[in-house]
Structures are given as structure tokens and as C-alpha cells.
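Encoded as C-alpha cells, the structure appears first; notes follow it.
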Amino acid sequence: MRIHTISAIMIAVVATSGLTAQETIRQSKASRAAKGANYLETGGERKLEVVYKTISEKDLKLDLYYPTAKRSEKCPVIVFTHGGGWAAGNRYKAATGSFAIVFERLIKEGFAVAPVTYRLAKKDRNVAMRDCVIDCKDAIRYLAKNSEALEIDPMRMCVMGDSAGGHIAQMLLLASPEQLPGDPTLADVPYRMVAGVSWYGPCDFEKMELFNYDDRADFKDRFAARILGSDSEPADKLARYREVSPINYLRKDSSPLLMIQGDKDTTIPVKHAHYMKQKANEVEAPVEIMIIKNSGHNWRKVDAEIDPSRDAIIQRTVKFFVQHLHQ
């Protein structure tokens, strides 16, 4: 009896998915809730543990939460890229703390939300920062490729991330769909980025003084191993640093970016926001910044209450996406 029940469920999933045969195989490999998984409880439709690509025998997954109100026939999507220094963290962060509040509000505003897993640049894994970016771009390409079946609009894609995820979000927003190619089966998939929000994410790795929050003389580069990986030559260093620096992709016709940074952040100093804004002004790119006083990394208060408040940060984030969706 149990075998027949499972078979019936599998047939129903295949029959209603509308995906290609290859995608159906990927979907069938999606596991039940992973250990430590944490999902948004929206009361609406969800697709959980969706495999968007397999690389080095590892399934990379995303979750897709549909709007609970103002849902259009093909809804816009906000992809979430988590922080963790490119070497830690997971997409389940989307269902915790301030992130959950932001996404629950956006889901009520008509957005679908897609938190994404990407390979981590841990020691001895032969994964570099560019691979983190490529994986997340492939997640967008997967969503775009399967947009009809998933009932989402590939021409209304947005992105949000924090810290390392804020950097990745900037890269996804500013680099063209063709740049940083990944899975060949996801190549040449058209999509359009509408807007992006970066919470305390870095914008430039070549200009290392941006990370030196107190201008110390003995400041050292903390990110070389994650940027270069284990397969790059010394001659490739400058090119690798420039490739993963979002600032190099700024154009007059770039999609709008909002950077929110704390003025007492010693992990990703506020210098990044000011420098990005300066460069954006030079090329007339649409970049806005919001500086939070007395704030360290993760909106941690330093010496006094943060100003504007965490609630104000959340409101500005949600308003930014809603505003640009309707432009």
C-alpha cells in the first residue's frame, strides 16, 4: 500500500510540474527538509528544496515562496543570497530575524522570494568567490529558463543579500546575464534585473584600503585565498580581483541599487557605500546609499542605538523593491 501511495505522489508531481525531463530528474532528487532547515511560514504556496543545478556531484538548491497577495499571472522574484564570508551560512537565513520580516512583507506585496544555496569557498574545496557568484547567477538562469512552469516573470528579477551575500547581490544585479557563465544547460537564458539591495556588502576588492576601517599601517588582505582559489596563477591576481568587484560593472543603464551600511562596521566598512556612490555619480548610475549611525556589522549597535532604526531599514528595503517594480 505504501509503495502505491509513493508512486501516485511521484506521478502527480511529474504530471503537474511542467518542467523538462532533465528538470524533472533534478526535482525528483530534491530531498525532504534538510537537517537544520528553516522555512518561511507564509500560509501560501511554496516549492522547497528545488535542485537548480548539480556540480561536482553536489545538488545546489533553492526555495521558492509565492506571493500571498497581489499575485500576478507571472510574478516578480527576489533572489536572496546569504552572508557568511563566502565560506559559511545557508539560505535558511531568509526565514530568520529581520530577513523574515522583509520577505514576509514583500510576499504580501506580490513578490515571489527565492533563497539560494551556493558552493562555499572553504579551505581545500577548490571553490573561489567567483564560483559563489556563478552559482547564484545559475539559480537566476534556472528560474528564468523554467519561468513558464514556475509562473514567474524572468523580466522582473530582483536580488537581495547581506555581507558576502550583499556582494553577490551586487554582482547579480550589475553583471549582464552572459557574464560569468556556469552550467552549459542554463546558458543563453534571457532575464532582466529590476533592482537590488545590499546590506553591508563590499563593492571593490582591488581597492583594499576600503576594508581598512581605521587606516592602520599593518593592514592585511583577508580575502586573497577566497578570491584566487587554488587554481589561479600569480599573473591572474589583478584580473580575478577586478572580476569579482561589483563596482567594475557599474554603467549608466545599470539597474537600481540600494546599499545600506553601518558607519561603525569594522568587517565591511562604510567606505564601500561612499565609494560606490562616488563612482556611480561619475557614470550616472542609479545607486542610493543609506548610512546607519552607531551600527556595526549585522546592524549590531555600537556605543548607542542605531539610527535610523532596524524597522526603518526594513521599511526602506521593502519600499525600494516596490517602488522599482512599478516603474
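Calculate the radius of gyration of the Cα atoms of the range 288-327 to one decimal place, then report Dmax, the largest Cα-Cα distance, as a whole number, both in Å.
Computed over the Cα atoms of the range 288-327, radius of gyration and Dmax are 11.9, 40 Å.
For the chain, with every protein chain kept in place, what is the accessible area per residue (1.4 Å probe, Å²)?
46 Å²
Starting from the Cα of LYS70, draw a straight line to each of the lysines and keep only those under 24 Å, dropping any in the same chain fewer than 8 residues away.
LYS70 reaches LYS47, LYS108, LYS145, LYS319.
Out of all Cα-Cα pairs in the range 247-325, roughly what percent, to the nearest whole number, are more than 14 Å apart?
Counting every Cα pair in the range 247-325, those more than 14 Å apart make up 62 percent.
If you put +1 on each Lys and Arg Cβ and -1 on each Asp and Glu Cβ, how big is the dipole of the range 191-297 around its Cα centre, in Debye rounded to 20?
200 debye
May I ask which residue of ALA149, VAL116, ASN126 lies farthest towards the positive end of the charge dipole of the range 110-150, with charges of +1 (Lys, Arg) and -1 (Asp, Glu) on Cβ and the Cα centre as origin?
Highest projection toward the positive end goes to ASN126.
Indicate, rounded to the nearest 5 percent, the antiparallel portion of the DSSP beta bridges found entirely in the chain.
About 30 percent, rounded to the nearest 5.
Once the dipole of the chain is set up with Lys and Arg at +1 and Asp and Glu at -1 on Cβ about the Cα centre, which of ILE140, GLY97, TYR39 lies farthest towards its positive end?
TYR39
How large a share of the accessible area of the chain, in percent, is made up of carbon and sulfur atoms when the probe is 1.4 Å and the other protein chains stay in place?
About 51 percent, which is the carbon plus sulfur part of the accessible surface.
Over the chain, what is the mean sequence separation of C-alpha contacts under 8 Å (at least six apart), divided by residue count, expressed as relative contact order in percent?
That works out to 14 percent.
If you restrict to DSSP beta bridges whose two residues both lie in the range 30-153, what percentage is antiparallel, to the nearest 5?
60 percent
Search the structure for amide H atoms under 5 Å from the amide H of THR267, placed 1.01 Å from N in the peptide plane, and list their residues when 5 or more places away or on another chain.
Excluding prolines and chain starts, which carry no amide H, the hits are HIS297.
Note the per residue figure in Å³ for the convex hull of the C-alpha positions in the range 163-223.
Considering the Cα atoms of the range 163-223, their hull volume per residue is 100 Å³.
When only alpha-carbon atoms count, how far does the range 144-284 stretch along each of its three principal axes, as whole angstroms with the largest first?
Rounded to whole Å, the extents work out to 55, 35, 25 Å.
Kindly provide the pair-distance distribution of the range 62-211 built from C-alpha pairs, with 10 Å bins from 0 and whole-percent values in order of increasing distance.
Per 10 Å bin, starting at 0, the Cα pair percentages come out as 12, 43, 35, 9, 1.
When only Cα pairs under 8 Å and 6 or more residues apart are kept, what is the percent relative contact order across the range 191-313?
29 percent
Quick one, can you get me the convex hull of the C-alpha atoms of the range 62-121 expressed as volume per residue in Å³?
67 Å³
Just how many % of Cα pairs in the chain lie over 29 Å apart, if you round to the nearest whole percent?
Pairs farther apart than 29 Å: 35 percent.
The values are calculated or read from the model by the stated rules, or taken from the named source; none is laboratory data. For clarity, every value in this text was computed on a predicted model and none was experimentally measured. Cβ: placed from backbone, ideal geometry, glycine included. Neighbour counts: every protein chain shown. With ligands, DNA and RNA removed, areas are computed over all heavy atoms of the protein, side chains included. Shrake-Rupley method; radii C 1.70, N 1.55, O 1.52, S 1.80 Å.
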